[in-house]
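Trainee: Please find one structure pasted underneath; my questions will follow.
The values are calculated or read from the model by the stated rules, or taken from the named source; none is laboratory data. Everything numeric in this text was worked out from a predicted model, so none of it was measured. Ideal geometry is used to build each Cβ from the backbone, glycine not excepted, and the neighbour counts take in all protein chains shown. Just the protein is used for accessible areas: all its heavy atoms, side chains included, with ligands, DNA and RNA removed. Shrake-Rupley method; radii C 1.70, N 1.55, O 1.52, S 1.80 Å.
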Amino acid sequence: KILNKKVAKGKYYKKKGEVVAIHDHYVGTVQLSSAKIKIDQDDLETVIPAIGRQVCVLQGRHRGQRGTLKAVDQDKFTATITLRD
């Protein structure tokens with residue numbers, strides 16, 4: 001979810017999107033329903049999808065891979081994901 005009111009003059013404020021590409025450790029491309037924008041991670045809020053939904057790994061050795069969310073441990077800030085082949 002986009003949290004910066006200054007991005008596109010507030011046009012995308014509080015809109016949900018999907019991270020479709022990662023450019024470095026701090027910037028990614030987010031696909032919204034009406035546009036695709038490049039944005040800094042500080043301007044985003046993580047929205048945890050429902051169990052069984054598709055996810056993209058954003059950090060770690062599997063960065064950039066996609067999979068299915070199996071479980072979330074909110075106390076440990078971790079998730080269990082089955083990666084696609």
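Trainee: If you wrap a convex hull around the C-alpha atoms of the chain and split its volume per residue, what is the figure in Å³?
Mentor: Each residue corresponds to 107 Å³ of Cα convex hull volume.
Trainee: Which whole-Hz couplings ³J(HN,Hα) result when phi for each residue of region 71-79 is put into the Karplus expression 6.51 cos²θ - 1.76 cosθ + 1.60, θ = phi - 60°, listed in order with x for Gly and Pro?
Mentor: Karplus values, whole Hz, x for Gly and Pro: 7, 10, 10, 5, 5, 9, 6, 10, 9.
Trainee: Let me ask another. Whose amide H sits under 5 Å from the amide H of residue 21, counting only residues 5 or more places off or on another chain, with H placed in the peptide plane?
Mentor: 29
Trainee: Rounded to a whole number, what % of the accessible area of the chain do carbon and sulfur atoms account for, probe 1.4 Å? Display every interim value, and only then the final one.
Mentor: Values: 3180 of 6610 Å².
Here carbon and sulfur together make up 48 percent of the probe-accessible area.
Trainee: Enumerate the amide H contacts of residue 58 below 5 Å, restricted to partners 5 or more residues apart or on another chain; note that Pro and chain-start residues carry no placed amide H.
Mentor: 64
Trainee: Let me ask you something else. How large is ³J(HN,Hα), in whole Hz, for each residue of region 4-14 in order, when computed from phi with the Karplus curve 6.51 cos²θ - 1.76 cosθ + 1.60 and θ = phi - 60°, using x for Gly and Pro?
Mentor: 9, 5, 7, 5, 6, 6, x, 4, 10, 4, 6
Trainee: Hey, which lysines would be in cross-link range of residue 6, C-alpha to C-alpha under 23 Å, not counting anything within fewer than 8 residues on its own chain?
Mentor: By straight Cα distance, residue 6 reaches 14, 15, 16, 36, 38.
Trainee: Using a simple charge model, +1 on the beta-carbon of Lys and Arg, -1 on the beta-carbon of Asp and Glu, nothing else, what dipole does the chain show about its Cα centre, in debye to the nearest 20?
Mentor: Computed about the Cα centre, the dipole is about 380 debye.
Trainee: Tell me the relative contact order for the chain as a rounded percent, counting alpha carbon contacts under 8 Å between residues six or more apart.
Mentor: This gives 18 percent for the chain.
Trainee: Now a separate question. Be a star and scan region 31-60 for residues whose amide nitrogen sits under 18 Å from the point 7 Å along the Cα-to-Cβ vector of residue 8.
Mentor: The answer is 31-47.
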